[in-house]
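The values are calculated or read from the model by the stated rules, or taken from the named source; none is laboratory data. On a predicted model such as this, the values are computed, not experimentally measured, just so you know. Neighbour counts are summed over all protein chains in view; Cβ atoms, including those assigned to glycine, are modelled from backbone coordinates with ideal geometry. These accessible areas exclude ligands, DNA and RNA; they are computed on the full protein's heavy atoms, side chains included. Shrake-Rupley method; radii C 1.70, N 1.55, O 1.52, S 1.80 Å.
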Amino acid sequence: MKFDGSSVVITGAGSGIGAALARKAAKMGAKVCVSDLDGDKAQVVADEIGGMAVQCDVREEAQIQALIVQATKVLGSVNIFVSNAGLGRGDPDHAASQSNEDWALNWQVHVMSHVYAARALLPVMIERKSGYLVNVASAAGLLNQIGDAAYSATKHAAVSFAESLAITHSADGVGVSVVCPQYVATPLLGLSDADAQNNLLTADDVANAIADGVEAGRFLILSHPQVQDYAIHRAKDHDRWLSGMQMLRAKAVETFGGVDVGDFYKLV
């Protein structure tokens with residue numbers, strides 16, 4: 001699917017990867033709808049790229065439906081929908097210590113938002129035999145994020161749902177990609193482009209990988225290619241992989257005095 005001339009909707013696009021992809025898509029000739037929970041941030045990005053902005057809480061199916069209706073009225077039928085909104089809270093203590101509310105929030109944002117978008121768009125895409133769904137997950141969806149069980153579990157579910165979409169609807173002409181970045185210098189980690197180094201990429205780096213992957217029709221988009229090697233090691237010997245992750249956790253505790261998701265990029 002080419003971005004040039006396409007109508008593109010991106011959630012969570014007021015900052016980070018979503019904002020970078022909105023800028024990239026616009027440069028490639030797309031008509032872009034910038035959506036975010038923070039409507040003001042969405043408007044700033046939209047103004048910058050000549051797009052439109054829509055405030056949207058992706059936890060609410062009706063709001064995603066309204067987003068698609070508004071984008072369609074202004075930009076035409078949605079060709080590419082990028083379900084990018086995400087969050088990370090971290091485990092307060094043990095692996096089951098996040099509250100029910102935080103677990104539900106992770107599930108709503110990382111899984112159900114993808115379901116709501118697909119549910120709204122698939123009938124039209126199937127009818128016209130064209131369309132593209134991009135679900136932004138995480139390397140944690142292929143591996144694990146130490147110190148955030150809810151994030152890891154729901155990102156695994158996001159990858160699985162993307163697989164179901166691809167398996168079921170390839171014959172309908174619907175393209176699907178799942179994006180699994182590792183550590184990125186974004187507000188999610190409290191970092192900026194200036195902090196990028198080694199395996200800590202910028203949001204622009206990931207946006208470039210997404211654009212290339214979608215235009216090439218790749219299902220699994222890895223901005224950090226080494227994640228594929230890690231996933232292979234995990235599949236070959238799960239016990240050995242778990243031992244390595246346990247040692248990495250112990251190293252984090254020894255180095256930083258605890259487990260903070262924002263510190264792990266310094267060790268990987």
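For the reader, a short list of remarks on this structure follows.
- Test: residue in region 128-135 that is in a loop (DSSP other than H, G, I, E, B), touching a residue at least 24 places away in the same chain (Cβ under 8 Å), open to solvent by less than 30 Å² (accessible area, probe 1.4 Å) and over 24 Å from Ala62 (Cβ atoms): no
- Residue within region 121-138 that is among the small types (Gly, Ala, Ser) and either at pLDDT below 95 or under 26 Å from Gly244 (Cβ atoms) (or both) present: yes
- Subset of region 7-29 (residues that are buried (at least 22 other Cβ atoms within 10 Å of the Cβ), at negative phi and in contact with a Leu (Cβ under 9 Å, 6 or more places away or on another chain)): Val8, Val9, Ile10, Thr11, Ala13, Gly14, Ile17
The rows are residues; the columns are (1) within 21 Å of the chain's Cα centre (by Cα); (2) within 17 Å of Leu37 (Cα to Cα); (3) open to solvent by 40 Å² or more (accessible area, probe 1.4 Å).
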| position | (1), (2), (3) |
| --- | --- |
| Asp57 | yes, yes, no |
| Glu61 | yes, yes, yes |
| Ile64 | yes, yes, no |
| Val74 | no, no, yes |
| Phe81 | yes, yes, no |
| Leu87 | yes, yes, no |
| Pro92 | no, no, yes |
| Ala95 | no, no, yes |
| Ser99 | no, no, yes |
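- The criterion of at least 3 residues that are modelled with pLDDT of 95 or more, surrounded by 15 or more Cβ atoms within 10 Å (Cβ to Cβ) and among the small types (Gly, Ala, Ser) is met, among helices (runs of 4 or more DSSP H) falling completely within region 156-268, by 203-216.
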